[in-house]
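Notes follow once the structure below has been shown.
The values are calculated or read from the model by the stated rules, or taken from the named source; none is laboratory data. Model, not experiment: these values are computed from the prediction. Positions of Cβ are backbone-derived with ideal geometry, glycine not excepted, and every protein chain shown enters the neighbour counts. All accessible areas refer to the heavy atoms of the entire protein, side chains included, with ligands and DNA or RNA removed. Shrake-Rupley method; radii C 1.70, N 1.55, O 1.52, S 1.80 Å.
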Amino acid sequence: MSLMYGRYHYGRYIFAGRAHVSGSTPVLKPTFLPGQVQIIAYAKDGTKTDIYGTGVKNVAFSQLQFELVETGSGTCTITFKTLPAVSRLTYGQRIDVHLYGDYRPWYSGYVLNIPVEGGTQEEFKVTCHGYYNRLKNKLVFDTYENMEISMIVRDIILKAESTTEVQYNPAKVQNVGYTVSYIKFDGVSVQEALKQLSEFAYDYVYGVDEYQDVYFKARSAAINEEARLWVGKHIHSFEPSVNVDKLVNWARIKGAANDEETGEVWLTTVEDVDSQNKYGRYEKTWTLPSAYKAADVEQWGKSELARYKDPIESAKVKDLKLEYPKKNEYWVRKLSTEGKALVVDKDGSTHTYPITKIKYTVNADSGIKAEMELGEPPFRLDKYLFDIERNARNTELLEQASRDKGVI
């Protein structure tokens with residue numbers, strides 16, 4: 001791949017418009033071009049303020065890295081040899097990434113950090129993050145009674161739209177089929193609220209996609225056709241593993257409905273006898289401080305147990321070949337976290353995993369490279385830190401619920 005200027009005329013390919021309509025994916029057939037990379041910066045009104053990449057006579061980036069995760073676009077780092085003018089690249093500005101000349105964005109986020117000139121650094125790294133990150137700065141102070149989960153999600157998203165640049169798309173919020181009796185969010189982030197609500201249904205995913213639409217849906221059990229991979233043909237590095245450290249088949253769950261005399265907060269116990277007979281008994285204490293009814297906590301606990309009653313399978317995939325031949329056409333894999341990956345290992349055995357993370361790296365020396373994380377790895381720093389924050393907040397909310405009832 002080359003990052004040299006002049007390969008394609010500026011303006012020949014237009015990326016600024018949103019190609020999809022509400023509730024749909026783009027219907028135009030994509031055209032892929034070898035080595036074509038575009039990073040487009042937008043003003044708040046949707047107009048383009050700058051473009052970096054191949055075929056553009058502007059400040060060139062030396063490396064681009066971005067991640068797609070289960071919650072949508074993740075982190076993104078753009079490394080420049082010369083810092084773009086601040087007047088064209090500003091904090092909070094939307095950044096879209098298009099690979100291989102595709103009119104569809106492969107990544108969409110906003111600028112978090114811009115380095116300051118005048119120091120000794122020889123490179124300037126601009127850091128971005130997907131719009132799911134904005135939902136941690138929006139709090140929920142609401143009580144919901146006798147409402148289906150998807151309707152609660154709808155209400156939360158609509159209230160977050162005006163201040164977080166995300167939007168509600170009814171086609172991307174699926175009905176769960178469970179009506180919550182009583183749930184109270186007392187100052188939790190929208191991120192935490194969506195996580196708790198997703199846990200009432202087995203294997204639901206949520207986040208913000210590259211069109212800034214919030215999604216809340218069941219994970220597809222189908223194989224992602226872009227993620228059918230053979231070791232030695234499409235990938236050169238495949239590292240599978242099995243982890244029993246997260247296995248849980250018996251759990252006692254705390255809620256917020258404290259007994260006024262004893263201060264008791266245990267609402268229910270859930271277990272999976274088949275898992276216990278197969279692997280032994282693995283016990284855990286869980287907390288759901290937003291729930292006040294035992295029926296809600298039991299539904300939540302059964303859903304969580306379904307996720308953790310078996311060992312977690314995971315794998316790392318590196319050296320992934322994105323280009324693959326089509327008759328009379330140049331074609332590439334446009335990977336996403338939708339559905340599952342199917343990997344045929346070097347012995348001919350087949351493995352299927354949920355797609356957890358995709359990482360793209362672009363530079364002039366090695367071109368466009370991709371790697372994947374499949375399943376849930378034994379240890380993820382971001383999840384570890386999130387769990388610490390969540391546990392601390394759960395404790396705070398339980399104490400608040402006790403004070404509200406006059407129980408310390």
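So the values come out like this:
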{"read-out": "Additional length obtainable on full extension of the chain from Gln174 to Ser220, 0.36 nm per residue less Cα span", "value": "15.3 nm"}
{"read-out": "Those aspartates and glutamates that a straight Cα-Cα span of less than 14 Å connects to Lys278, excepting residues fewer than 8 apart in one chain", "value": "Asp310"}
{"read-out": "Packing-based order for 76-82, 178-184, using average beta carbon neighbours within 10 Å, highest first", "value": "178-184, 76-82"}
{"read-out": "Peptides 201-207, 280-286 ordered by average Cβ neighbours within 10 Å, highest first", "value": "201-207, 280-286"}
{"read-out": "Extended-chain gain in nm, criterion 0.36 nm per residue less alpha-carbon gap, Arg228 and Val242", "value": "3.0 nm"}
{"read-out": "Entries in Lys136/Lys357; Lys138/Lys172; Lys309/Lys359; Lys217/Lys316; Lys293/Lys357 that, when Cα-Cα distance is taken, lie over 32 Å", "value": "Lys293/Lys357"}
{"read-out": "Neighbour net charge for Ala251 - beta-carbon separation under 13 angstrom, K R +1, D E -1", "value": "+2"}
{"read-out": "The range 157-249, accessible area per residue, ligands and nucleic acids excluded (1.4 Å, Å²)", "value": "40 Å²"}
